[in-house]
Amino acid sequence: MSDPHARTSPASPATALVLIAEDEAEIADILIAYLQRSGLRTQHASDGQQALALHKTLKPDLLLLDVQMPVLDGWKVLSEIRSRGDTPVIMLTALDQDIDKLMGLRLGADDYVVKPFNPAEVVARVQAVLRRTRASAPAATQMLRVGPFQIDLDNHEASVQRDGQTQTLELTLTEFKLLACLMRAPKRAFSRAELLVNCLPEGDTQERTVDSHVSKLRKKLEALDIQGVPASVWGVGYRFGAEP
């Protein structure tokens with residue numbers, strides 16, 4: 001259960017979220033103030049166990065983690081965080097000793113700050129780590145998902161989930177474009193003219209050509225016992241599926 005006194009900034013959801021695991025309220029308040037002033041959202045955990053719980057539920061973009069935390073110390077928290085994934089972690093320690101720095105680096109800390117620290121420096125470290133980790137992160141794959149259908153736009157792959165199994169759809173380029181166009185707005189009815197312009201090769205100018213490609217796509221899906229995709233809309237054209 002989260003701490004009723006946990007503090008979160010009201011900044012935009014698009015802003016990076018920093019989880020501050022620090023048991024000294026005065027230090028936590030200073031960090032919260034400086035980070036929020038820099039446009040970052042914050043959440044506070046006052047012990048190691050709460051830090052792990054909030055990390056699991058909130059999935060912060062970065063964790064500021066004090067080494068000397070109650071319940072679970074910072075090393076144990078860091079070890080568990082690393083077993084879960086690669087959330088960037090900056091350690092806060094009052095012990096300026098090489099052994100502590102080596103411990104943090106060995107367990108996977110991204111940086112460390114020694115107390116007493118300049119809060120402005122902490123903010124600069126946070127921003128630097130966020131820039132570095134975001135720059136090295138792989139670009140997100142563009143995916144479309146509607147019901148059991150999934151389309152990978154980057155790799156031009158379409159599939160459907162059937163009985164717990166992923167079935168790849170063997171589609172022509174035009175069929176793939178048609179399915180992707182309809183999935184982008186599954187409740188919208190597209191005219192044949194729209195589908196002709198967006199999905200068919202240059203040189204095809206007959207709207208009835210769309211009907212032929214839709215028919216072939218439909219037959220491939222019916223072979224997998226998927227009915228009514230794409231659905232005909234009388235007097236208009238097609239939508240992804242029939243209205244529920």
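Bear in mind that the values in this text are calculations on the coordinates, not laboratory data. Values in this document were obtained by computation on a predicted structure and should not be read as measured data. Note that each Cβ is placed from the backbone with ideal geometry, even for glycine, and that neighbours are counted across all protein chains shown.
General observations
- Peptides 107-119, 152-164 ordered by average Cβ neighbours within 10 Å, highest first: 107-119, 152-164
- Stretchable slack from Ala53 to Ser83, in nm (0.36 nm times residue separation minus alpha-carbon distance): 9.4 nm
- In this Cβ point-charge picture (+1 for Lys and Arg, -1 for Asp and Glu), the range 143-239 has a dipole of about 380 debye about its Cα centre.
- Mean Cβ neighbour count within 10 Å, used as a protection proxy, ranking 142-149, 75-82, 48-55 highest first: 48-55, 75-82, 142-149
- Counting only DSSP beta bridges whose two residues both lie in the range 17-134, roughly 0 percent are antiparallel.
- Calculated on C-alpha atoms, the gyration radius of the range 143-239 divided by its Kirkwood radius gives an Rg/Rh of 0.94.
- Where only alpha carbons of the range 17-134 are counted, the Rg and the Dmax (Å): 12.6, 34
- Remark: spin-label model distance Asn155-Ala33 equals 5.0 nm, labels positioned 7 Å along the Cα→Cβ axis.
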